[in-house]
Amino acid sequence: MSGPDFGALGEEAELVEVEPETKQEILENKDVVVQHVHFDGLGRTKDDIIMYEISDVFKAKNLIDVMRKSHEAREKLLRLGIFRQVEVLIDTCQGDDALPNGLDVTFEVTELRRLTGSYNTMVGNNEGSMVLGLKFPNLFGRAEKVTFQFSYGTKETSYGLSFFKPQPGNFERNFSVNLYKVTGQFPWSSLRETDRGISTELNFPIWKTNHTLKWEGVWRELGCLARTASFSVREESGHSLKSSLSHAMVIDSRNSTILPKRGALLKINQELAGYTGGDVRFLKEDFEFQLNKQLLWDLVFSASLWGGMLVPIGDKPSSIADRFYLGGPTSVRGFSMYSIGPQNEGDYLGGDAYWAGGLHLYTPLPFRPGRGGFGDLFRTHFFLNAGNLCNLNYGDGPRAHLQKLAEYIRWSYGAGIVLRLGNIARLELNYCFPMGVQSGDRICDGVQFGAGIRFL
């Protein structure tokens, strides 16, 4: 339950257009020299940020290398999110200083307007939203961006203002500041939460890993969603101030984030609240691991494991807004949304520790209808899920904690159909058989529908 993320994505790159000239056959298999790189169409964009992105073009040694490095430079320029269109022309060098093997490379660019608007829909974990946005791209000429975004969804309404600044020559290393207000409804807990906050993020790669350092200060207001809310939820209603430092590390080699066929994902998060102020104090750790392997006959085997632990600091117990939740079509299937674990009078209160695992087998549709087209977006899905969520007595040792997490394991199995919606989200329609059901759990025995971007 934290503030929204505002990212920066460039437009999709297209193939480079190269105009062959009379000297191409002569230069094709010989060493060449890129003598000049020209830009047509630059307005408010500064020269220094452009030079970082196209510097490798001057290092090309032959015509094929020039074409390849020009294409890579074009993708980098589009990734900055400041150009609507980038085209590349490669020609032999002209003029008095022209070498016999000299080449000129020209980038024809069209800058984005100073103010752009957008309207789209987004799919979250079993929720949808309409998003309106205003962007000021390339604000100071070095790929900075200011974004205002309003989102109205089935469970959450938010608006925020963000500033994004990449490091010249290294787009993956960037800095952002976000101001936001988020109001969310959580019917499984009869809870309404309103967050007003500010956050700063620093993203940077190290070797094959991507890291995010974040500070967040948020004023939280918790209230009851219904008059029938339990006493436990009413007891936690009120205001709190959270100031936290967090770090996330991601290693992702999957070929797709929505429905991968190969590759692995490892994501580790740590959050420390209370060290920089506020009246909420805890240490929170969680991880996510996924492994995908393509087998014979276009079969894909996938294994996932999630886990996490929340340790309150001081005498004050953890807040319902910070705990973990489990269950539903995106995690342990066959159970209702976040309906596993501690509850009071039908309101689910979350837990301080959890784990969840899943085994999946994805196959093409029987008889492969629509093969090579629309039919390839569908997969048949067989699954086995298990997990548990509970509160721990931190006076006990690790062995007692593991023993408690191993008690009363909920698990389920079943089969269904998966539809991939591009690289945006995926839909699942499964027939589930929930097992290991405990008193207070809500189950979905039979057909269950799920939509989201993160699935166990």
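The values are calculated or read from the model by the stated rules, or taken from the named source; none is laboratory data. As the structure is a prediction and not an experimental result, all values here were calculated from the model. Here Cβ is always computed from backbone atoms with ideal geometry, including for glycine, and neighbour counts include all displayed protein chains. Just so you know, the surface numbers come from the protein's heavy atoms only, side chains and all, with ligands and any DNA or RNA stripped out. Shrake-Rupley method; radii C 1.70, N 1.55, O 1.52, S 1.80 Å.
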- [ ] Out of the residues in the range 309-332 that are in a loop (DSSP other than H, G, I, E, B) and more than 22 Å from the chain's Cα centre (by Cα), state the one that is surrounded by the fewest Cβ atoms within 10 Å (Cβ to Cβ).
- [x] Asp315
Task: Selection within the range 361-371 - surrounded by 14 or more Cβ atoms within 10 Å (Cβ to Cβ) and either more than 23 Å from the chain's Cα centre (by Cα) or within 28 Å of Ser319 (Cα to Cα) (or both) - done: Leu361, Thr363, Pro364, Leu365
- [ ] Answer with yes or no whether Thr157 is of a type in the set (Val, Ile, Thr), part of a strand (DSSP E or B) and either within 22 Å of Ser129 (Cβ to Cβ) or at pLDDT below 95 (or both).
- [x] yes
TODO: Taking the residues in the range 351-375 that are among the aromatic types (Phe, Trp, Tyr) and either outside the structural domain of Glu428 (by the TED database) or without any contact (Cβ under 8 Å) to a residue 60 or more places away in the chain (or both) as candidates, determine which candidate is farthest from Leu326 (Cα to Cα).
DONE: Phe367
TODO: Looking only at the range 300-308, decide whether some residue is out of contact with any strand residue (DSSP E or B) (no Cβ under 6 Å at 6 or more places or on another chain) and either within 24 Å of Gly124 (Cβ to Cβ) or among the charged types (D, E, K, R) (or both).
DONE: no
TODO: Might you check whether a residue that is farther than 26 Å from Ser439 by Cα and open to solvent by less than 60 Å² (accessible area, probe 1.4 Å) occurs anywhere in the range 350-360?
DONE: yes
Task: Any pair with Cβ under 8 angstrom, 6 or more apart, that starts in the range 61-74 at a residue that is more than 13 Å from Leu89 (Cα to Cα) and ends at one that is outside any helix (DSSP H, G or I) and open to solvent by less than 40 Å² (accessible area, probe 1.4 Å) - done: Lys61/Val32; Asn62/Val32
Open item on the list: Just to be sure before I move on: is Ser439 closer than 18 Å to Val332 by Cβ, surrounded by 17 or more Cβ atoms within 10 Å (Cβ to Cβ) and hydroxyl-bearing (Ser, Thr, Tyr) in the structure I sent?
Closed with: no
- [ ] Please state which of the following conditions Gly375 fails to meet, knowing it meets all the rest: (1) open to solvent by 40 Å² or more (accessible area, probe 1.4 Å); (2) at pLDDT below 90.
- [x] (1)
TODO: Only residues that are in a strand (DSSP E or B) and open to solvent by less than 60 Å² (accessible area, probe 1.4 Å): list them for the range 273-291, please.
DONE: Ala273, Gly274, Gly277, Gly278, Phe282, Lys284, Asp286, Glu288, Gln290
Open item on the list: I'm told Cys93 meets every condition in (1) more than 29 Å from the chain's Cα centre (by Cα); (2) at pLDDT 90 or above except one. Can you identify the failing condition by its number?
Closed with: (2)
Open item on the list: Take Val86 and tell me if it is within 20 Å of Asn170 (Cβ to Cβ) and at pLDDT 90 or above.
Closed with: yes
Task: Members of the range 148-185 found to be in contact with a Phe, Trp or Tyr (Cβ under 9 Å, 6 or more places away or on another chain), in contact (Cβ under 8 Å) with a residue 40 or more places away in the chain and within 30 Å of Asn344 (Cβ to Cβ), listed by number - done: Ser158, Val182
